[in-house]
Amino acid sequence: MRKIGIALTAAVAALPLAACVSDGYYAGPVGPDPIAYDGFYDDYYGPIYDGYWGDGGVFYYRSGPHGHWRPDHGGHFRRDMGGPVGGGRAFHPMHGNFTPPAGHGGRHH
């Protein structure tokens, strides 16, 4: 009986981790209010449709209204003007907002 209890405890402990399995895309925030974003961008990913600043200062962007949210881990979006990344293109100001869809989305873990 004790082995069953240990196995059950291990299985229950693994459930939150299973919920974090993802295809690598972020579904985006959920809410009724528009989210404004301001920052600077070096055009590395090409034109973007919209985006927002997420946890830890990471900018999430998408290339179209139905596209997947992708995190910028390369430093191509910034909150300050900064300088070119690795001698790359200069940053330019970007401003915008979007309204998250109600009842859709969820955090990528």
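Six or more apart or on different chains, Cβ atoms under 7 Å: show the pairs whose first residue is in the range 92-109 and closer than 17 Å to GLY67 by Cβ and in a loop (DSSP other than H, G, I, E, B) and whose second is polar (S, T, N, Q) and at pLDDT below 75.
HIS108/SER22
When the range 49-61 is examined, which residues are found to be touching a residue at least 24 places away in the same chain (Cβ under 8 Å) and surrounded by 18 or more Cβ atoms within 10 Å (Cβ to Cβ)?
ASP50, GLY51, TYR52, TYR60
Check GLY46, GLY51 and return the single one that is at pLDDT 60 or above, closer than 14 Å to ASN97 by Cα and not polar (S, T, N, Q). So that I can check it myself, show each step before the final result.
On the way: GLY46 fails: closer than 14 Å to ASN97 by Cα.
Just one listed residue meets the conditions, GLY51.
Determine which single condition HIS73 fails, assuming it passes every other condition in (1) surrounded by 10 or more Cβ atoms within 10 Å (Cβ to Cβ); (2) at pLDDT 90 or above; (3) not in a strand (DSSP E or B).
Answer for HIS73: the failing condition is (1).
Regarding PRO16, is this residue surrounded by 10 or more Cβ atoms within 10 Å (Cβ to Cβ), of a type outside the set (Ser, Thr, Tyr) and at pLDDT below 90?
Working: surrounded by 10 or more Cβ atoms within 10 Å (Cβ to Cβ): no; of a type outside the set (Ser, Thr, Tyr): yes; at pLDDT below 90: yes.
No, not satisfied.
The values are calculated or read from the model by the stated rules, or taken from the named source; none is laboratory data. These numbers were taken from a predicted model, which means no experiment stands behind them. FYI the Cβ positions are ideal-geometry reconstructions off the backbone, even for glycines, and counts take in every protein chain you see.
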